[in-house]
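The values are calculated or read from the model by the stated rules, or taken from the named source; none is laboratory data. Just so it is clear, the structure is predicted and the values come from calculations on it, not from any experiment. Positions of Cβ are backbone-derived with ideal geometry, glycine not excepted, and every protein chain shown enters the neighbour counts.
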Amino acid sequence: MTSFEPQDRAAQVLRALVDSAVDGIIVIDARGHIETFNPAAERLFGYRLDEVIGRNVNILMPSPYHEEHDRYLWRYQQAGQARIIGIGREVTGLRRDGTTFPLHLSVGEMTVGSERKFTGIVHDLSERIRLEERLRASEEQWRSIVESAVDAIVVIDAGGHIEAFNPAAERLFGYTPEEVAGQNVRMLMPQPYREEHDGYLARYMETGKARIIGSGREVTGLRRDGTTFPLHLSVGEMSTKGGQKFTGILHDLSARVRMEEQIREQAALARLGEMAAVLAHEIKNPLAGIRGAVQVIGGRLPANSRDAAVIGEIVTRIDSLNGLIQDLLLFARPPQPRPHVVEVPSLIATTMELLSGDPAFKDVQVDIEGTSPPVFADAELLKIVFQNLIVNSAQAMQGRGRIHVSVTAVNDGCQVRFTDAGPGIPADVREKIFTPFFTTKSRGTGLGLATARRIVEAHHGTITVESPASGGTRVTIRIPLSAP
């Protein structure tokens, strides 16, 4: 196994994510030269991948942006003056055939090794522009267009009260038209936008000074259930017999934001893989030598002496550091299951047998009940998950108590539930429980549950953690019986 293997696997996952994206994804280097151009970008601009690799990204821009781009990129790198990096805006793209089109561009910055890269995600706005033109051109067709539109459409009067709320808006916000009719549109906005909206609309009606009307921008929406989400909002103004109206067309950006997070996560994991490989090579072997030498010294000391106790503590600290390196290596490598038929109850029993020799489990009893059809999975990877959960439960109960493990067949899947009698996990901690390096233990890496989730998800399964009102902690894993 080479030291680059974790990075190669992460790169494969990242490539699959980029290639399957609906929106165009373009990665450039610090000089503006194209390094990545996914299939969606090929369809959008009409270029093949081999035609753009290594060329300046300004070939995709009409004048005057074509001439200004290199200077803007240089200014940003020299002085940090950004006009688009880190945010999104509407710009114009240039296709290979010379035609231009409107698009929404969001640009992110990342560092790979020592090199600075910029990732642009582009969403074609042509359909939205055509929709706006049709709305303006034919008020008679307005109702049918609004009702059939894929994007959400909300129409308000000059006072900000909702007059129209199409089916796409219902799906997006979770309200029915009857629930929002006549209500102030600010009900769809979180703070601080909610408080600012009426003042902004009143100023526009008095002065005509617009900050968003006639253009588009990224904003945050508020659903009926209280959750927020990112969206692209474009607002148009029209005059009707009933007075002045404002039409908002909203496109949900949640999928794009999740994709950006996945791209950042995969890039971070690739860098983590490199670091873990270096740690294993440069630290692990010397650490083993140091541990051995310290033990030799300790063996020459009286067993009950103070110096022997110090030596024992040093060995414990070295073992903790070695454990961190092992956990880091395991977490950094994207799980690659090698599935075969696995009897889950037997695998749990085998895992427990491996732990039974540990003195920390002397007063811990694990009960396993139930059964399910065999799953198609990687036994060694699942063993890591089961061991992590059993150890966590034992530590929560301070090495004394009963862990109940139930196995059942649920909806073409196998459900495994671990229940302990510990103090439970507070709600604020449960929200962070799967975050890498987050731990509540005095000695812990914070990678155990994060690694467990990655392994379960690599099997197309799910893992959840609950703390019932009756006490204790309940961890539930569901894995498909067969590969999807």
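Of note:
- Helices (runs of 4 or more DSSP H) completely within the stretch 1-103 that count 3 or more residues being at pLDDT 80 or above and touching a strand residue (DSSP E or B) at 6+ places or on another chain (Cβ under 7 Å): 39-45
- Restricting attention to the stretch 402-422, the residues that are buried (at least 16 other Cβ atoms within 10 Å of the Cβ) and either outside the structural domain of Leu449 (by TED's automatic domain parsing) or closer than 26 Å to Arg338 by Cβ (or both) total 8.
- Glu42 touching a helix residue (DSSP H, G or I) at 6+ places or on another chain (Cβ under 8 Å), surrounded by 13 or more Cβ atoms within 10 Å (Cβ to Cβ) and either under 22 Å from Arg256 (Cα atoms) or among the aromatic types (Phe, Trp, Tyr) (or both): yes
- Applying the criterion of at least 3 residues that are of a type in the set (Gly, Ala, Ser) to the strands (runs of 3 or more DSSP E) found wholly in the stretch 361-467 leaves 400-410.
- Selection from the stretch 468-484 of residues that are of a type in the set (S, T, N, Q) and in a loop (DSSP other than H, G, I, E, B): Ser470, Ser482
- Selection status of Glu206, assigned to a strand (DSSP E or B), out of contact with any Leu (no Cβ under 8 Å at 6 or more places or on another chain) and modelled with pLDDT under 85: no
- Every pair of residues 6+ apart whose Cβ atoms lie under 7 Å, when the first sits in the stretch 427-438 and is in the same structural domain as Ala452 (by TED's automatic domain parsing) while the second is aromatic (Phe, Trp, Tyr): Lys432/Phe438; Pro436/Phe331
- All told, Val410 falls short of being of a type in the set (Val, Ile, Thr), touching a Leu at 6+ places or on another chain (Cβ under 7 Å), under 15 Å from Ile477 (Cα atoms) and touching a residue at least 60 places away in the same chain (Cβ under 8 Å).
- Qualifying residue in the stretch 393-401 (condition: more than 22 Å from His340 (Cβ to Cβ), among the polar types (S, T, N, Q) and in contact with a strand residue (DSSP E or B) (Cβ under 6 Å, 6 or more places away or on another chain)): yes
Residues checked against (1) surrounded by 15 or more Cβ atoms within 10 Å (Cβ to Cβ); (2) over 29 Å from the mean Cα position of the chain (by Cα); (3) not assigned by TED's automatic domain parsing to the domain that holds His459:
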residue	(1), (2), (3)
Ala293	no, yes, yes
Arg306	no, yes, yes
Ala309	no, yes, yes
Pro345	yes, yes, no
Leu354	no, yes, no
Ser372	yes, yes, no
Ala379	yes, no, no
Lys383	yes, no, no
Met397	yes, yes, no
